[in-house]
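Here the structure is laid out as structure tokens; the discussion comes afterwards.
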Amino acid sequence: MTTEDADARRPAPGRLRLVQDFCNSVDFEGGWDDLADPGGLTTWLAAKGHAVREGGLGPDDVGRALRFREALRDLLSVPAHHGRPGPQDESPGLDRRERGRRVLAEAAADLPLAVVVGERFTIAPTGTGLSGALAAILVALAFGDADRTLSRLKVCQADSCRWVFYDQSRNGSSRWCTMQLCGARNKNRVYRRRQREAVE
């Protein structure tokens, strides 16, 4: 395992860990999803401190959680040539992020959030259960945006993977969750495509 790969497996710092854990509650390559049914969602919420009474969630709640999760994944998507010229490749990532913003903005209108007035002003979730957890995720996004750590929370660019990782690289330019796996696969695909183009 390379140093870069080891760094990519480190969890996101602070509140962003909740965002990362929520997104990574599904493994597209492994074929499992912790939130696929009410029981799984209930277990996940309890593990994160947002307990719901047994049988308190139904299929509509699962659908709500999955829409929110995929909106987050869209929001965290990075254009294929992030930081480099490549206008043809940037639009899909930008479209995904805009779609994610719209879904999250709609969801935020119904979530229990409040401004807490004390020595410092802050925002905090005021609900419990699924709504409280989704509100806590929005709070984490707001704080991550404010301290500029959110820009390092990214979705692996491999479409078969889409794992959310925290970019530990010095210049914040990582595009894959692991260079050893997803990065190498991408390089092999690019190499094979160039070989075919050279023959044609």
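The values are calculated or read from the model by the stated rules, or taken from the named source; none is laboratory data. Since this is a predicted model, take the numbers as computed values, not measurements. Quick note on the areas: whole protein, heavy atoms, side chains included, nothing else; ligands and nucleic acids left out. Shrake-Rupley method; radii C 1.70, N 1.55, O 1.52, S 1.80 Å.
Here are a few things to note about the model shown:
- Remark: the D27-S151 segment gains 42.4 nm on full extension, using 0.36 nm per residue and subtracting the alpha carbon distance.
- Percent breakdown of C-alpha pair distances by 5 Å bin, ordered from the shortest bin, for the stretch 115-165: 5, 18, 16, 19, 19, 13, 5, 3, 1, 0
- Å² of accessible area per residue within the stretch 115-167, as computed with a 1.4 Å probe and no ligands counted: 49
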